[in-house]
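Here's the structure we're looking at; comments come further down.
The values are calculated or read from the model by the stated rules, or taken from the named source; none is laboratory data. Bear in mind that the values here come from a model prediction, so they are computed numbers and not experimental data. Cβ atoms come from the backbone with ideal geometry, glycine included; neighbour counts cover every protein chain shown. For the accessible areas, the whole protein counts, side chains as well, though only heavy atoms, and no ligand, DNA or RNA atoms are used. Shrake-Rupley method; radii C 1.70, N 1.55, O 1.52, S 1.80 Å.
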Amino acid sequence: MSKFNDDFSKAFATRAIHTPACRDAHGSPHVPIYNTTTFAFDSTANLLEVVDGKKVGSLYTRYGSNPSITSLEEKLASLESAETAFAFCSGMAAEAALFLSHGRNGIVCLGDAYGGTLELLSSQLPLLGIQTNLILGTEIDKLDEILNGGVKLVFFETPTNPTLDIFDIRAIVAKAHSYGAMVAVDSTFSSPVNQRPLELGADFVVHSATKYLGGHSDLTAGVLLGAKDLLEPVWNWRKNLGSTIDPETATLLSRSLRTLVVRMRQHNATAQLIAEAMERHPRVSRVFYPGLLTFPSFELARSQMHGFGGMLTIEIKGDGNAASIVADNLNIFTLAPSLGGVESLVTQPSTTSHHDLTKKERSRRGISDSMLRLSVGLEDPEDLIADLNQALANI
Ligand SMILES: *Cc1c(COP(=O)(O)O)cnc(C)c1O
């Protein structure tokens, strides 16, 4: 059952394939890999024009001024309705550049976030004197007090990992802006096909392109998007931290984007089928998927997303050991961290992403040992459901 209003415009899918500047001098329909670190000029005057930003031109690959990189960024910006996109060598590199360029007046992270993000915010940025506040989704009423204290950057993921919590992007933007603070959304779980936070008023969007944007578990990359003036200081951080994407990965990621829309449509459809099947399964106590009518944030999800995504979490009737037994008996779902690829993956949050937390802290975050997180791939839905059914029959 599709409960969701499919508003992918023709222009969106078309833009995922065509980039205005994608033809090169030889007529290649897609920008090839410019495996080159530097670019030649015929005069110092011409070189100076590019250095001074008076003329657009390729200069030096670490600066991001390489056609393989700039054409990728143009396409990413178009898909997220952003003025500017900067591509990085990983999702964490994109986040680090964001925090260093716009988080120096304090950062508040709302809700659960990726392990690396939490570590950067709680252990490393404070070493540089950056004040960080980490609050749970249930503590959202603390946001006013924190913003009142002068914190200027609100960061959150939506949907979150692994409980698929949905944060109201419009409402948080309105609050943050009323305090003169900016909002950055990690939209990795959705991809721009399913959610475009900048259209809802957010100031920045960050993605681990390693996940759905890349989509084949074969590249590591990140992207930060937003208005041109806000991204200007980020450019220098990326340049001098040296965290720019390389031309080969940029080209591979560009290729992935051409199939992003069809991949996401199938991820959405298959995950919906699996969520509905698991909701009926006698050995499953709870299913966390924003596309289920029974999901507490279903209406909110529908109001800000264009699709509910390929990530879902099931809680089985049984303890952590029973959940491990189910995970170990899956044949098509592969036991591996990460997400967003063509192949289906399974993780047990209590033994992977949230293993370092105490059991008490996990339960404070609504994470139980009997949860299994599924990244639904592009295999036949019937095969995936049969795989889950046979694995669940072992407990
Ligand atoms: C994986 C992930 C990251 C980090 O991305 P890398 O590409 O591994 O650096 C950040 N946020 C979310 C939500 C992720 O899933």
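For V284, nonlocal amide neighbours, meaning residues 5 or more places apart or on other chains whose placed amide H falls under 5 Å from its own, are K317. Our summary gives the range 260-392 a relative contact order of 28 percent, counting only alpha carbon pairs under 8 angstrom and 6 or more residues apart.
Pairs of Cα atoms under 8 Å, at least six residues apart: use those to get the relative contact order of the chain, whole percent. The partial results should precede the final answer.
Values: 770 pairs, mean separation 67.6, N = 395.
Once divided by the residue count of the chain, the mean separation gives 17 percent.
Shown are Y179, Y60, whose ranking by accessible area with a 1.4 Å probe and every protein chain present, most to least, is Y60, Y179. Mean residue ellipticity, 222 nm, helices only, the chain: the sum of -39500 (n - 2.57) across DSSP H runs of n ≥ 4, divided by residue count and rounded to 500, is -11000 deg cm²/dmol. Between the listed residues Y60, G111, I33, the Cα displaced farthest toward the positive end of the dipole of the range 29-123, a dipole computed from Cβ unit charges relative to the Cα centre, is found at Y60.
Would you please calculate the Kirkwood hydrodynamic radius of the chain over all C-alpha pairs and express it in Å, rounded to one decimal? Walk me through the intermediate numbers first.
On the way: mean 1/r = 0.0459 Å⁻¹.
Radius from the Kirkwood sum: 21.8 Å.
A cut-off of 5 Å between modelled amide H atoms, ignoring neighbours fewer than 5 places along the same chain, links D186 with F156, E157, T158, V206. Here the Gaussian network model covers the chain, with springs between Cα atoms less than 10 Å apart; of P162, P337, P29, P29 fluctuates the most. A Gaussian network model of the chain, with springs between Cα atoms under 10 Å, assigns the largest mean-square fluctuation among G137, G222, G53 to G53. Backbone N atoms of the range 182-197 closer than 14 Å to the 7 Å Cα→Cβ label point of V262 are not found in any residue.
Of the residues R238, R104, R283, R170, the one with the largest accessible area comes first in the ranking R104, R170, R283, R238, computed with a 1.4 Å probe on protein heavy atoms. Taking 23 Å as the straight-line reach from the Cα of K359, the lysines in range (excluding those fewer than 8 positions away in the same chain) are K317.
Here the peptides 342-350, 387-395 are ranked by packing, the mean other Cβ count within 10 Å, and the order with the highest first is 342-350, 387-395. What is the antiparallel percent of DSSP beta bridges lying wholly in the range 260-392, to the nearest 5? The antiparallel proportion sits near 85 percent. May I ask which of K142/K228; K75/K211; K142/K239; K55/K75; K54/K228 have a Cα-Cα span longer than 25 Å here? In this structure, K142/K228; K142/K239 exceed 25 Å between Cα atoms. Mean separation of Cα pairs under 8 Å and 6 or more residues apart, divided by the residue count, gives the range 310-352 a relative contact order of 30 percent.
When the chain is described by a simple charge dipole with +1 on each Lys and Arg Cβ and -1 on each Asp and Glu Cβ, the residue from M278, P162, S123 located farthest towards its positive end is S123.
To check you understand DSSP bridge types, tell me what percent of the beta bridges within the chain (both residues inside) are antiparallel, rounded to 5. Don't skip to the answer; put the middle values down first.
On the way: 24 of 42 bridges.
Approximately 55 percent, going by the DSSP bridge assignments.
May I ask for the net charge around A181, where only other residues with Cβ less than 10 Å from the Cβ of A181 are counted and Lys, Arg are +1 while Asp, Glu are -1?
Details: positive: K152, K175; negative: D203.
Overall, the nearby charge balance is +1.
Structure remark: mean-square fluctuation, Gaussian network model of the chain, C-alpha springs under 10 Å; the largest value among A82, A16, A174 belongs to A174.
Summing Cβ point charges (Lys, Arg +1; Asp, Glu -1) relative to the Cα centre of the range 12-257 gives a dipole of roughly 440 debye.
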